[in-house]
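The values are calculated or read from the model by the stated rules, or taken from the named source; none is laboratory data. All figures in this text were calculated on a predicted structure; none of them were measured in a lab. Cβ atoms come from the backbone with ideal geometry, glycine included; neighbour counts cover every protein chain shown. Heads up: the accessible areas ignore ligands, DNA and RNA and are worked out on the full protein's heavy atoms, side chains in. Shrake-Rupley method; radii C 1.70, N 1.55, O 1.52, S 1.80 Å.
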Amino acid sequence: MADKLTDFSTRRLIDQALIDHQMERRELLYEFNHSRPGEHQKRRDLLKQILGHYEGTHIEPPFRCDMGSQLSIGKGGFINYGLIVLDIAPVSIGNHVLIGPNVQLCAASHPILLSERVQPFACGDPIQVGNHVWIGAGSIVLGGISIGENTVIGAGSMVTQDIPPNVVAVGNPCRVIRTIEQGDIPTEAEIQALYQTLGVGDD
């Protein structure tokens, strides 16, 4: 298993260690993205090497990330084609999260000062996606953003500010348009039992 890199801050000068780490992850991502559709166990094994924390959420290739070691993904979710995660800062995706195709989670940024941009510095702000969130196709989430649990982000949204739990939020910039009256929410045990009947229980 590849070593997990744990000492990257959210602002540091790009150096050979960072470049080597990214190259290692790119080699593993190449294997993941070129695996055959039926190679489920191979894909899970690769994701355990690529990611800092992984509990079995299904990810459809192609999938790309910068660091991998800064990315945490929970259990029971589904991530569709084309997810891009720029995780120079930590990115956390909770349990039972649904992510549509071509979503971008952009925790990385660049310095405002030209003198720092040309050195160059790598910097960013963390992203937190709560449990049971659904992010619609083509949405972009910027660094420093938290999305509360059970919330739905409409397709094509540009998320530039925190979004609370149990709401529907859409647009550019993304804004809350209504709250969700969830009713009876199934327990974690009930959700796990359902996933097991579908053959997609915990890894």
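Computed on protein heavy atoms with a 1.4 Å probe, the accessible areas place 35, 115 in the order 115, 35, largest first. Between amide H atoms placed 1.01 Å from N, distances below 5 Å from residue 156 occur with 137, 138, 139, all of them 5 or more places distant or on a separate chain. From the square roots a ≥ b ≥ c of the eigenvalues of the alpha-carbon gyration tensor of segment 85-151, which class results: rounded (a/c under 1.5), prolate (a/b over b/c), or oblate? Here segment 85-151 falls in the prolate category. Our helix-only sum for the chain, with -39,500 (n - 2.57) per DSSP H run of n ≥ 4 divided by its residues, gives a mean residue ellipticity at 222 nm of -6500 deg cm²/dmol.
Pairs of Cα atoms nearer than 8 Å and 6+ residues apart set the relative contact order; for segment 46-116 it is 28 percent. Helices meeting the span-like rule in the chain (full DSSP H runs, Cα extent of at least 30 Å along the helix axis, mean Kyte-Doolittle score of 0.0 or higher) are absent.
In order along segment 130-141, the Karplus-derived 3J(HN,Hα) couplings, from 6.51 cos²θ - 1.76 cosθ + 1.60 at θ = phi - 60°, round to x, 4, 6, 7, 10, 10, x, 3, x, 6, 10, 10 Hz, and Gly and Pro are given as x. Applied to segment 155-162, the Karplus parametrisation 6.51 cos²θ - 1.76 cosθ + 1.60 on θ = phi - 60° returns per-residue 3J(HN,Hα) values of 4, x, 7, 10, 8, 10, 8, 4 Hz, with x for Gly and Pro.
Of the heavy-atom accessible surface of the chain (probe 1.4 angstrom), what whole percent is carbon and sulfur? Looking at the chain in its full context, I get 54 percent from C and S.
Solvent exposure of residue 121, expressed as accessible area, is near 40 Å², computed with a probe of 1.4 Å over the protein chains only. Please say if segment 139-203 is rounded, prolate or oblate, where rounded means a/c under 1.5 for a ≥ b ≥ c the square roots of the C-alpha gyration tensor eigenvalues, and otherwise the choice is prolate for a/b larger than b/c and oblate otherwise? Taking the square roots of the gyration eigenvalues as a ≥ b ≥ c, segment 139-203 is prolate. To the nearest 10, the accessible area of residue 188 is 70 Å² with a 1.4 Å probe. With a/c under 1.5 counting as rounded, go ahead and sort the chain into rounded, prolate or oblate using the C-alpha gyration tensor (a ≥ b ≥ c being the square roots of the eigenvalues; past the cut-off, prolate if a/b is larger than b/c, else oblate). Since a/c reaches 1.5 but b/c is at least a/b, the shape of the chain is classed as oblate.
Relative protection proxy for 42-53, 170-181, 92-103, from highest mean packing down: 92-103, 42-53, 170-181 (other beta-carbon atoms within 10 angstrom). Annotation: per residue accessible area for the chain equals 51 Å², rounded to a whole number [probe 1.4 Å, protein chains only]. Evaluating 6.51 cos²θ - 1.76 cosθ + 1.60 at θ = phi - 60° for every residue in segment 64-78, the Karplus couplings come out as 9, 8, 7, 10, x, 5, 9, 10, 10, 10, x, 10, x, x, 9 Hz, glycine and proline recorded as x. When peptides 159-167, 15-23 are sorted by average Cβ neighbour count within 10 Å, with the highest value leading, the order is 159-167, 15-23. Answer with one residue from 102, 151, 165: the one whose Cα lies farthest towards the positive end of the charge dipole of segment 84-203, charges on Cβ with Lys, Arg +1 and Asp, Glu -1. Among 102, 151, 165, the one farthest towards the positive end of the dipole of segment 84-203 is 102.
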